[in-house]
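Here it is, the structure in full.
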Amino acid sequence: EEIELDRNGKAWLGSTEMVGMKVFWDPSLGHSAGSAVAVTLQDNKGHNYFHWIARLQKYEPDATGSVFMEPEEQCRFVINLAKQFRFSNVTIESNGIGAFMIRLFRREAANSGITCSERTSNGEKVKRILETIQPRLQAHMLHCHIRMRGTKFEKEFNDFNTNSQREC
């Protein structure tokens, strides 16, 4: 199902009212798993929804063999995604390269109506993921859009190893 806005500005996913919606971007310049962006929703009962998620990569490698998008290209992609879903703000992970990408995003988004806020995370990434997702999974309060079936995201999610030393 897609997000629908009623004439009062309320967002709905089917017959369920959404009270929280966010575009979240964890930027990268090609190191580790690459840059990721997600559209997440929350309903009035506390259920969370992964509505849309992707790694920001080119469809075809460039002349050097890289599949990673250039920083400006990533910013424009995220801005267009926010517009597509009618969001006016993007939350950007500000750790590492994120501090640079926030400044670049603001420059690229000038006059677009899209703003950004930053989020700094502390501690191990794997631990943060588990602390966020595991309680929702156990309570059956985390849902993924059907479009995620058969994708790399589903494979990564199913293969997620809590004992892994690599950054996810």
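The values are calculated or read from the model by the stated rules, or taken from the named source; none is laboratory data. Worth saying up front: this structure is predicted, and the values here are computed from it rather than measured. Side chains included, ligands, DNA and RNA excluded: accessible areas come from the protein's heavy atoms. Shrake-Rupley method; radii C 1.70, N 1.55, O 1.52, S 1.80 Å.
Please say if the range 81-151 is rounded, prolate or oblate, where rounded means a/c under 1.5 for a ≥ b ≥ c the square roots of the C-alpha gyration tensor eigenvalues, and otherwise the choice is prolate for a/b larger than b/c and oblate otherwise?
oblate
What order do W25, W52 take when sorted by accessible area (1.4 Å probe), most exposed first?
Largest to smallest exposure gives the sequence W52, W25.
Under the rule of at least 5 residues apart or a separate chain, name every residue whose amide H is placed under 5 Å from the amide H of V90.
T115, C116, S117
Could you pull the accessible area for E1 with a 1.4 Å probe, rounded to 10 Å²?
Probe radius 1.4 Å; accessible area of E1 about 130 Å².
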